Amino acid sequence: MQLNKDQIHTSNQAGLSRHAARFDFLAAQLGEDGTDVEGIVKALADFQVAIPSWALGAGGTRFGRFSFHGEPANLEQKMADVGILHALTQTAGAISLHIPWDIPTDYASIRQLAQAHGLVFDAVNSNTFQDQAGQDLSYRHGSLCSTDEAARAQAIAHNLEVVRIGDQLGSKSLTVWLADGTSFPGQRSFQRALQNTEDSLRQIYAGMPKDWSLFIEYKPYEPNFYSTVIQDWGTSFMLANACGERAYTLVDLGHHLPNCNIEQIVSTLMLKGKLGGFHFNDSKYGDDDLTVGSIKPYALFLIFNELVYGMRNNPQNPYPAWMIDASHNVKDPLEDLIQSLEAIQEAYAKALLVDQAALAAAQDAHDVVLCQEILQGAYRTDVRPLVQRARLQLGGALDPLAAYRSLGIRQGLVAARGKHSVASGL
Ligand SMILES: [Mn+2]
């Protein structure tokens, strides 16, 4: 199932005049304040977020999984789903594969299919957090951190195999997230686990092509509940430095303890040129993997404010790889992702509205009240007409969620794939 621009164009017609009136009103207001409205619309149009191949089916918890109908059952169908998201939102122009769940059988045809959907391959993700069928050694007691040298070697070889697969698709980065950790005090030596992990990551780094980047993700707990080897940004940063200049820290919003100041972490990493990747989601407690912006939209805005500052002022930091890393337990995954993409674009647009020069002046004058007014003035602006304009200019839907429903996309997917198809790997 592939959407064509005519279907989207037709579905846009009823709302166009209303959109134009709202956009003109907002643009006039912002123009009076000296805001470069066209510049913001262009920045929004250029902003692309990768969709992970594992996010297109129903997620689940350790208590169960409630299936959705018409789930993509193979890589081609997952790419079709991302293609639908991209056609509607014009913001999901990349896909991030999970190996071994999504190993292509025919690389040329997969590359061709990506092109047909307007997608590029973003970072590839390895998996040593579970054992695969036929695997020689278990990761029950860790992978890159393992005290068993043969298990470490197996995990290193897997990561390099993921790089080899990604390289054939045009991907340029590997994301490593480890479940390695312990659930009980005394279970393992912290120092040996960290040293083994560093040695393993250095071997992976050394085996990557020279134009590849390594993203090291961190997480404080889960699935292990006493300790995680790469528990925080500082540990990730240290390991990235130990590997080399193309190794970076990856920030996942849900991988922090409650109330953590994530915007400060982002700021520090960008100053040091080490923020390589970014995973979007939202959470109430931990790694809840909820829809972006559904719980703490102001925190998301503050994080984007630092990202925008860093993108403008930190040439030492590469352009980060953006990805949504969420799980869909109660919503239609595609509707959930549309909501996440919209929240990301809104937060980005609001951050672009922040008058950085005025904020710096207020900071220098120690005018704490004005600093808050500047940030919240941007945050309170309804930027949806700007986001809509960016989408329209690219041929996307004025209202992606409404179009998704009115075009009967889920019903079409169920008709094509059947009620009981299950997304592979989950
Ligand atoms: Mn993640």
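Please treat every number below as a calculation from the coordinates, not as lab data. Fair warning: this is a prediction, and the values are worked out from it, not measured in the lab. Positions of Cβ are backbone-derived with ideal geometry, glycine not excepted, and every protein chain shown enters the neighbour counts.
Among the residues of segment 266-296, the ones that are small (G, A, S), surrounded by fewer than 22 Cβ atoms within 10 Å (Cβ to Cβ) and closer than 21 Å to A123 by Cα come to 1 in all. Checked against (1) under 27 Å from I303 (Cβ atoms); (2) more than 16 Å from the ligand (Cβ to nearest atom); (3) in a helix (DSSP H, G or I), E245 passes all but condition (3). Could you give every pair whose Cβ atoms fall below 9 Å, whose first residue belongs to segment 176-205 and is in contact (Cβ under 8 Å) with a residue 24 or more places away in the chain and over 15 Å from M238 (Cα atoms), and whose second residue is basic (K, R) and assigned to a helix (DSSP H, G or I), counting only separations of at least 6 or pairs across chains? Hits for this filter: Q203/R152. Does S143 satisfy the condition of being within 23 Å of the chain's Cα centre (by Cα) and either outside any loop (DSSP other than H, G, I, E, B) or not acidic (D, E) (or both)? Considered against the rule, which asks whether it is within 23 Å of the chain's Cα centre (by Cα) and either outside any loop (DSSP other than H, G, I, E, B) or not acidic (D, E) (or both), S143 comes out as no. Restricting to segment 159-188, name every residue that is over 26 Å from A123 (Cα atoms), surrounded by 13 or more Cβ atoms within 10 Å (Cβ to Cβ) and among the hydroxyl-bearing types (S, T, Y). Matches in segment 159-188: T182 only. A count restricted to segment 233-281 and to residues that are small (G, A, S) and within 15 Å of the chain's Cα centre (by Cα) stands at 3. Quick check on my filter: what residues within segment 149-185 are within 16 Å of the ligand (Cβ to nearest atom), of a type outside the set (S, T, N, Q) and closer than 23 Å to W322 by Cα? Answer for segment 149-185, where residues must be within 16 Å of the ligand (Cβ to nearest atom), of a type outside the set (S, T, N, Q) and closer than 23 Å to W322 by Cα: V162, L174, V176, W177, L178, A179. Screening segment 203-231 for residues that are more than 17 Å from H158 (Cα to Cα) and among the aromatic types (F, W, Y) and picking the one that is farthest from the ligand (Cβ to nearest atom) gives Y226.
Checking each residue in segment 383-397 for being of a type in the set (A, V, I, L, M) and in contact with a Lys or Arg (Cβ under 7 Å, 6 or more places away or on another chain) picks out V383, A397. Within segment 308-335, the set of residues being surrounded by 23 or more Cβ atoms within 10 Å (Cβ to Cβ) and more than 16 Å from the ligand (Cβ to nearest atom) comprises P333, L334.
Counting the residues of segment 380-398 that are closer than 16 Å to E38 by Cα and surrounded by 15 or more Cβ atoms within 10 Å (Cβ to Cβ) gives 11. Of all residue pairs spaced 6 or more apart or on separate chains, those with beta-carbon atoms under 7 Å, a first member in segment 110-133 that is free of Cβ contacts under 8 Å to residues at least 12 places away in the same chain and a second member that is of a type in the set (S, T, N, Q) and in a loop (DSSP other than H, G, I, E, B) are D131/S138. Can you give me the number of residues within segment 399-426 that are surrounded by fewer than 22 Cβ atoms within 10 Å (Cβ to Cβ), of a type in the set (A, V, I, L, M) and not in a helix (DSSP H, G or I)? Total meeting the criteria: 3. Restricting segment 336-345 to residues that are surrounded by 24 or more Cβ atoms within 10 Å (Cβ to Cβ) and away from the ligand (no atom under 16 Å from the Cβ), which is nearest to L407 (Cα to Cα)? Checked segment 336-345; the qualifying residue nearest to L407 (Cα to Cα) is I338.
Of all the residues in segment 249-260, those that are touching a helix residue (DSSP H, G or I) at 6+ places or on another chain (Cβ under 9 Å) and either in a strand (DSSP E or B) or more than 15 Å from the ligand (Cβ to nearest atom) (or both) number 3. Applying the criterion of being in a helix (DSSP H, G or I) and in contact (Cβ under 8 Å) with a residue 40 or more places away in the chain to the residues of segment 265-286, the residue that is farthest from the ligand (Cβ to nearest atom) is L271. Filter segment 255-264 for residues that are surrounded by fewer than 21 Cβ atoms within 10 Å (Cβ to Cβ) and either free of Cβ contacts under 8 Å to residues at least 40 places away in the same chain or of a type in the set (G, A, S) (or both) and give the result. Within segment 255-264, H256, L257, P258, N259, C260, N261 qualify. When segment 53-78 is filtered for residues that are touching a strand residue (DSSP E or B) at 6+ places or on another chain (Cβ under 7 Å) and crowded, with 23+ Cβ neighbours inside 10 Å, the ones remaining, listed by number, are S53, A55. The set of residues in segment 356-366 being under 12 Å from Y309 (Cα atoms) and surrounded by fewer than 16 Cβ atoms within 10 Å (Cβ to Cβ) consists of Q356, A357, A360. Of all residues in segment 96-115, those being under 22 Å from the mean Cα position of the chain (by Cα), over 15 Å from L174 (Cβ atoms) and among the charged types (D, E, K, R) number 1.
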